[in-house]
Amino acid sequence: MVQDMTAEELVALVTRVFRPVPGERGLAILVDLPDAQVPDTPAWRERRDMAAAWAAMLAGRREELGFDTHLALYPNVHTNNGDLPAQAWLQGDGPLPQRAEDLDPAAALPFPDLYAGHSILIALTTFSATAPLKMAARQFPIRAATMPGFSRAMVPSLRLDYGEVNRRVQLLKDLLDRAEGADLRFTHPGGAANLHLDLRHRTGHASGGLIPDLGTAGNLPSGEAYIVPYEGERPQDPSRTAGLLPVQFGDEVVCYAIEGNVARCVLPGGPEAAREAALLAAEPAYGNLAELGLGVLAAFGVKPVGVVLLDEKLGLHIAFGRSEHFGGQVGPSAFSRPEAVVHIDRVYVPETQPRVQVDSVTLRLEDGTALPLMRAGDYAPGLF
């Protein structure tokens, strides 16, 4: 059954997630617009309509919230986690523009001015704005929830017990802080694959559904702890990340050969292996291992919906590409052009990669302890 949020639920969500205080400057709900290069889709159109409805409902609760809510539009940036454009547009009382070309240049508002007028942002976008909003939150007094690809199918995940979600996420974050490495073992039709992730010189991050502090940004729905593997930026201290990482594309499992935290090549295979090999050759920064993520929502009965925003929160995921928004070293300048910037997650749950099994994940802690984190795709018994 198609679900939507009521005005009461939206007010409760904003209050719980952001914990507003007196003096909030306002709330902006951001949406990106299709253009001639990236055409519209029914899901995108539905997301924009949902954003407009949310903005209208929250605007009608101004006295209860204590601040105004606006809908803000901007041209899509053609890729996930690419830098935002220079300007946005506040939606007035007229019809909602359906394409970037419909925006009036005379009405444009620089993004710094948008931030100056809104201390809370919710990005209901098609292309993820997580990376640029994390970077903006370091510079401007804002906090942001990013919801790329959100759909009505995900609404139930906003109604979870985020107190318990946050407790589990914080426990995982604390373990990542203590870890110097992680050993992962996979099984796939081609055999076994082992990967060591170097977690030295890094700290973990918690995304547990609570964003009360200025200077922060995170996903909604939430429910993960994550860390950027060490990328070897220190002199005479190369990254120890190495091994094989299998990823399923359609019916084919592609195996990346990892060395120094970078996918250097792809083992010979079918058409998907050839395509990925060509991508690595054309865009080496794409091969950077940017994130080890540990989602917890599967234990709450949440099922994947085919969108990374939610699916990655279910269990183990590993990302390629941009990492500097998480505390790593690889940013947009490492890519050949703005449209090539990516941070792309590969999610290891049975529904998304049925031909790749996670046999084990073991954390190597700084005191030398080997801590069983996952066994046979699930978190180790008694971990939580």
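The values are calculated or read from the model by the stated rules, or taken from the named source; none is laboratory data. This structure is a prediction, so every number in the text was calculated from the model and none was measured. Note that each Cβ is placed from the backbone with ideal geometry, even for glycine, and that neighbours are counted across all protein chains shown.
I want to confirm something. Restricting to the stretch 223-272 and keeping residues that are touching a Leu at 6+ places or on another chain (Cβ under 7 Å) and of a type in the set (Gly, Ala, Ser), which single residue is nearest to Met154 (Cα to Cα)? Per the stated criteria, the residue is Gly223.
In the stretch 9-27, the residues that are at pLDDT 95 or above form Cβ pairs under 6 Å with partners that are surrounded by 14 or more Cβ atoms within 10 Å (Cβ to Cβ) and among the polar types (S, T, N, Q), at six or more places apart or across chains, as follows: Glu24/Ser119; Arg25/Ser119; Leu27/Thr69.
Taken together, Glu46, Glu63 contain a single residue that is out of contact with any helix residue (DSSP H, G or I) (no Cβ under 6 Å at 6 or more places or on another chain) and closer than 21 Å to Met154 by Cβ, which is Glu46. For Pro221, the criteria (1) at pLDDT 95 or above; (2) part of a loop (DSSP other than H, G, I, E, B) hold in every case but one, which is (1). Scanning the stretch 136-167 for residues that are assigned to a loop (DSSP other than H, G, I, E, B), more than 16 Å from Ala298 (Cβ to Cβ) and of a type in the set (A, V, I, L, M, F, W, C) yields a count of 4. In this structure, Ala107 does not satisfy being aliphatic (A, V, I, L, M), more than 19 Å from Glu46 (Cα to Cα) and touching a Pro at 6+ places or on another chain (Cβ under 9 Å). Can you confirm whether Val349 is in contact with a strand residue (DSSP E or B) (Cβ under 8 Å, 6 or more places away or on another chain), assigned by TED's automatic domain parsing to the domain that holds Ala192 and not in a strand (DSSP E or B)? So Val349 passes the test. Taking every residue in the stretch 151-169 that is polar (S, T, N, Q) and pairing it with any residue that is part of a helix (DSSP H, G or I) and surrounded by 15 or more Cβ atoms within 10 Å (Cβ to Cβ), at least 6 positions away or on another chain, the pairs with Cβ-Cβ distances below 8 Å are Ser151/Arg47; Ser157/Leu297; Ser157/Leu310; Ser157/Lys313. Checked against (1) in contact (Cβ under 8 Å) with a residue 40 or more places away in the chain; (2) not in a loop (DSSP other than H, G, I, E, B), Arg240 passes all but a single condition, namely (2).
In the stretch 15-41, what residues are of a type in the set (Val, Ile, Thr) and in a helix (DSSP H, G or I)? Result: Thr15, Val17.
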